[in-house]
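Colleague: I'd like to ask some things about the structure below.
The values are calculated or read from the model by the stated rules, or taken from the named source; none is laboratory data. As the structure is a prediction and not an experimental result, all values here were calculated from the model. Reconstructed Cβ throughout: ideal geometry from the backbone, glycine too, with neighbour counts over all protein chains shown. Heavy atoms of the whole protein, side chains included, go into the accessibility calculation; ligands, DNA and RNA do not. Shrake-Rupley method; radii C 1.70, N 1.55, O 1.52, S 1.80 Å.
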Amino acid sequence: MKSFFKYVLATVVGLLITGVILTVMGLITLGSMVAASDTTPALKEHSVLHINLSGSIAERTADNPLSTLLGSEMETVGLEDLLTAIRVAATNDKIDGIYIEGGTVAADPASLEALRGALADFKKSKKFVIAYGDNYSQSAYYVASVADRVMLNPGGMLDWHGYASAPIFYKDLLDKVGVKMQVFRVGTYKSYVEPYTSTEMSEANRQQISSYLHSIWGNVCKAVSASRKISTDSLNAYADRYVVMADAPDYVRMGLVDTLSYVDGLRDQLRKLTGAKSVSLAKPQDVAKLEKKADTKNGEIAVYYAYGSIVGSEIQGLGSEEAIVGPDVVEDLDELANDDNVKAVVLRINSGGGSAYASEQMWRAIQLLKAKKPVVVSMGGMAASGGYYMSCGADCIYAEPTTLTGSIGIFAMIPDATGLLTEKLGLHFDVVKTNEASDFGVIGRPFNAGESAAMQSYVDRGYALFLKRVADGRRMTPQQVDKIAQGRVWTGEQALKIKLVDRLGSLDDAVAEAARRAKAKDYAVTAYPAPTSWLDDLISDQGSSYFEQEVRSALGSYYRPLMFVKSLKGTDCIQARIPFEPNLH
């Protein structure tokens with residue numbers, strides 16, 4: 001018996017010692033990652049900026065060293081870091097050029113356009129830009145086509161097929177589970193509700209999608225045509241031929257690539273271009289850290305990033321995805337308004353909208369900010385519906401030609417689960433009430449005629465207010481706005497013609513305009529809000545990330561719309577929103 005207790009005690013002590021050692025090692029590893037993430041990288045001579053077009057491009061890079069340690073499936077890099085790194089590379093003597101690696105990249109057309117534009121500007125430095133890929137998705141090729149030389153693996157593929165939008169419709173699925181959507185909306189083109197109420201696009205929605213798809217594709221073809229010296233007619237002909245299945249030498253004959261080569265050919269090209277036996281590849285996130293910060297003593301231009309769905313509180317966001325949280329933005333803008341060192345503010349907006357209530361609160365905060373200093377909007381991939389609500393009152397609005405904007409309209413969508421609860425689950429409901437409206441909004445029955453009329457009236461007033469906000473900001477009458485509103489989505493190129501935006505241009509153009517309006521010289525550009533610590537994000541997400549990933553994986557493309565339905569409650573049932581994604585393929 002004594003031996004038994006001795007062995008048990010030895011085992012417990014051993015486990016405790018092992019736990020202490022692992023804890024210490026874990027803390028040391030975390031400390032090392034934190035130190036590494038905060039360290040300014042040192043570049044070697046003959047470095048090359050390496051832009052890998054595999055993964056996804058977001059507005060800003062999430063600061064999470066653990067993703068590298070754990071080997072995430074798809075790397076997400078921020079457009080902010082990419083553009084900064086390209087600017088740094090143009091003037092840094094240790095960087096000889098840029099290598100674009102092809103792949104499959106997930107990004108909206110406007111972000112790709114901004115990246116491609118920055119690469120085109122970089123070429124003015126007379127440094128080289130070379131592209132190589134085992135494969136190029138259409139989005140990756142659009143960016144890579146700006147390179148001086150485009151190379152493809154002899155066994156590789158290049159996709160070039162145009163754009164299509166293929167939304168999923170959930171009506172029959174909802175019918176099967178006994179759920180019906182009660183819809184209240186204003187706007188002929190306000191099509192967000194269609195997947196829940198129909199099995200195909202309305203003619204109005206088909207018209208607007210066709211219009212913006214052709215506008216985006218026209219800009220893509222024009223850019224590639226200029227870089228590759230291929231006519232747009234030829235590019236459209238190639239898009240009709242399923243070129244993704246073509247033999248690799250055909251890509252050379254078409255002029256889409258310059259040469260076929262294995263990766264050793266790329267290495268030889270980089271050595272030749274740099275004149276070095278050894279070439280060091282530098283990541284955009286590291287190069288971006290080398291940007292010299294301007295002195296803020298003469299003031300700063302604040303670039304405030306607002307991207308994701310618009311929500312009224314953190315808990316209404318979609319899991320760990322980025323969101324524009326109305327109360328947080330209102331507080332941040334108030335601080336910028338009262339910071340005397342901030343001479344002007346550029347709002348970088350990339351959002352398809354969301355809560356109409358939160359959009360109105362942020363509109364008010366922007367007006368208070370504008371009363372004290374210039375406010376310029378720079379639109380990213382989308383600044384539509386609630387995103388346009390935020391934008392419309394600025395002093396000046398910039399958009400990329402392929403930005404999706406407009407969508408001026410609102411809707412309310414309330415699930416009626418009577419079929420599920422009563423007919424399928426056997427639940428029955430009764431009520432005793434003191435007044436006619438006492439049970440307004442209870443589950444167990446659909447809206448009656450009076451409730452439906454009240455809800456539609458509420459939506460109508462919200463639309464009228466939206467029209468007024470746009471009319472005041474854009475110096476039009478509400479009647480003029482209504483003609484181009486009705487929930488219709490426009491590209492930046494189209495929006496310029498109907499005066500929903502002022503100019504086409506990049507974030508840098510918007511910053512320059514803000515500085516001009518503020519009469520600021522030798523100013524610093526500062527990004528807001530300050531990113532949260534990756535350790536804080538890790539701690540806050542530890543209870544939900546794994547479960548969310550499993551649910552997302554199981555539901556696939558159904559995840560986002562079902563999460564949206566779950567979030568409909570309170571003031572946020574009134575939405576100023578376009579679809580989560582334009583479904584561009």
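Colleague: Is there a residue in the range 185-198 that is within 30 Å of VAL442 (Cα to Cα), modelled with pLDDT under 95, more than 26 Å from the chain's Cα centre (by Cα) and basic (Lys, Arg)?
Modeller: no
Colleague: What's the number of the only condition in (1) open to solvent by less than 30 Å² (accessible area, probe 1.4 Å); (2) in contact with a strand residue (DSSP E or B) (Cβ under 7 Å, 6 or more places away or on another chain); (3) not in a loop (DSSP other than H, G, I, E, B) that TYR142 fails to meet?
Modeller: The one condition TYR142 does not meet is (2).
Colleague: Could you tell me whether any residue of the range 230-240 is under 30 Å from LEU49 (Cα atoms), touching a residue at least 24 places away in the same chain (Cβ under 8 Å) and more than 27 Å from the chain's Cα centre (by Cα)? Even if it seems obvious, please write down each step before you answer.
Modeller: Start the filter on the range 230-240 by keeping residues that are under 30 Å from LEU49 (Cα atoms), which leaves 230, 235.
Narrowing the set further to residues that are touching a residue at least 24 places away in the same chain (Cβ under 8 Å) leaves 230, 235.
Subset that is more than 27 Å from the chain's Cα centre (by Cα): 230, 235.
Yes, because at least one residue in the range 230-240 is under 30 Å from LEU49 (Cα atoms), touching a residue at least 24 places away in the same chain (Cβ under 8 Å) and more than 27 Å from the chain's Cα centre (by Cα).
Colleague: Right, next: Among the candidates LEU213, LEU273, single out the residue that is surrounded by 13 or more Cβ atoms within 10 Å (Cβ to Cβ), closer than 29 Å to ALA90 by Cα and in contact with a strand residue (DSSP E or B) (Cβ under 7 Å, 6 or more places away or on another chain).
Modeller: One residue alone meets the criteria, LEU273.
Colleague: Can I ask one more? For ASP508, are the conditions met, namely being in a helix (DSSP H, G or I), touching a helix residue (DSSP H, G or I) at 6+ places or on another chain (Cβ under 9 Å), open to solvent by 70 Å² or more (accessible area, probe 1.4 Å) and over 22 Å from ASP472 (Cα atoms)?
Modeller: So ASP508 fits the description; yes.
Colleague: Criterion first (among the basic types (Lys, Arg) and farther than 17 Å from GLY406 by Cα) does LYS190 satisfy it?
Modeller: So LYS190 fails the test.
Colleague: Could you please give the count of residues in the range 84-107 that are in a strand (DSSP E or B) and either within 15 Å of LEU290 (Cα to Cα) or open to solvent by less than 10 Å² (accessible area, probe 1.4 Å) (or both)? Break it down into steps so the answer makes sense when it comes.
Modeller: Step one: list which residues in the range 84-107 are in a strand (DSSP E or B), which gives 95-101, 105-106.
Narrowing further to those that are either within 15 Å of LEU290 (Cα to Cα) or open to solvent by less than 10 Å² (accessible area, probe 1.4 Å) (or both): 95, 97-98, 100.
Final tally of qualifying residues: 4.
Colleague: Please go through the range 296-322 and give me each residue that is at pLDDT 90 or above and of a type in the set (A, V, I, L, M, F, W, C), ordered by number.
Modeller: Across the range 296-322, the qualifying residues are ILE301, ALA302, VAL303, ALA306, ILE310, VAL311.
Colleague: Tell me, please, whether a residue that is closer than 27 Å to GLY117 by Cβ and part of a loop (DSSP other than H, G, I, E, B) can be found in the range 164-174. It would help to see each step written out before you state the result.
Modeller: Going through the range 164-174, the residues closer than 27 Å to GLY117 by Cβ turn out to be 164-165.
Cutting the leftovers down to part of a loop (DSSP other than H, G, I, E, B) gives us 164.
The answer is yes, given that some residue of the range 164-174 is closer than 27 Å to GLY117 by Cβ and part of a loop (DSSP other than H, G, I, E, B).
Colleague: If a residue has to be free of Cβ contacts under 8 Å to residues at least 40 places away in the same chain and within 14 Å of GLY487 (Cβ to Cβ) to count, how many in the range 176-202 make the cut?
Modeller: 3
Colleague: Next question, about the same structure. Keeping to the range 417-445, report how many residues are modelled with pLDDT of 90 or more and within 27 Å of GLY353 (Cβ to Cβ).
Modeller: The total comes to 0.
Colleague: Continuing with the same structure: For the range 463-498, which positions are of a type outside the set (A, V, I, L, M), in contact (Cβ under 8 Å) with a residue 12 or more places away in the chain and open to solvent by 20 Å² or more (accessible area, probe 1.4 Å)?
Modeller: ARG469, ASP472, ARG474, PRO478, ASP482, GLN486, ARG488, TRP490, GLU493, GLN494
Colleague: All but one of (1) within 26 Å of SER54 (Cα to Cα); (2) free of Cβ contacts under 8 Å to residues at least 60 places away in the same chain; (3) not small (Gly, Ala, Ser) hold for ARG116; state the number of the condition that does not hold.
Modeller: The one condition ARG116 does not meet is (2).
Colleague: Inspect the range 163-175 for any residue being touching a residue at least 24 places away in the same chain (Cβ under 8 Å), under 22 Å from HIS50 (Cβ atoms), open to solvent by 20 Å² or more (accessible area, probe 1.4 Å) and in contact with a helix residue (DSSP H, G or I) (Cβ under 8 Å, 6 or more places away or on another chain) and give the result as yes or no.
Modeller: no
Colleague: Picking from PRO415, PRO446, PRO374, which residue would you name as being under 30 Å from ALA515 (Cβ atoms) and either open to solvent by 50 Å² or more (accessible area, probe 1.4 Å) or touching a residue at least 40 places away in the same chain (Cβ under 8 Å) (or both)? Don't jump to the end; show me each part of the working.
Modeller: On the way: PRO415 fails: under 30 Å from ALA515 (Cβ atoms); PRO446 fails: under 30 Å from ALA515 (Cβ atoms).
Step by step, each of PRO415, PRO446, PRO374 is checked, and only PRO374 is under 30 Å from ALA515 (Cβ atoms) and either open to solvent by 50 Å² or more (accessible area, probe 1.4 Å) or touching a residue at least 40 places away in the same chain (Cβ under 8 Å) (or both).
Colleague: Mind checking which pairs have a first residue in the range 258-272 that is on the phi < 0 side of the Ramachandran plot and a second that is at pLDDT 95 or above and among the charged types (D, E, K, R), Cβ under 7 Å, 6 or more apart or different chains?
Modeller: Hits for this filter: ASP258/ARG149.
Colleague: Considering only residues that are closer than 19 Å to ARG60 by Cβ and open to solvent by less than 10 Å² (accessible area, probe 1.4 Å), which ones fall in the range 108-139?
Modeller: Hits for the range 108-139 are ALA110, SER111, LEU112, LEU115.
Colleague: Name the residue that is nearest to the chain's Cα centre (by Cα), counting only residues in the range 511-530 that are buried (at least 16 other Cβ atoms within 10 Å of the Cβ) and in a strand (DSSP E or B).
Modeller: By that ranking, first place goes to TYR528.
Colleague: Please specify each residue of the range 147-162 satisfying the condition of being among the hydrophobic types (A, V, I, L, M, F, W, C) and open to solvent by less than 40 Å² (accessible area, probe 1.4 Å).
Modeller: Filtering the range 147-162 for residues among the hydrophobic types (A, V, I, L, M, F, W, C) gives 147, 150-152, 157-158, 160.
ALA147, VAL150, MET151, LEU152, LEU158, TRP160 - these are the residues of the range 147-162 that are among the hydrophobic types (A, V, I, L, M, F, W, C) and open to solvent by less than 40 Å² (accessible area, probe 1.4 Å).
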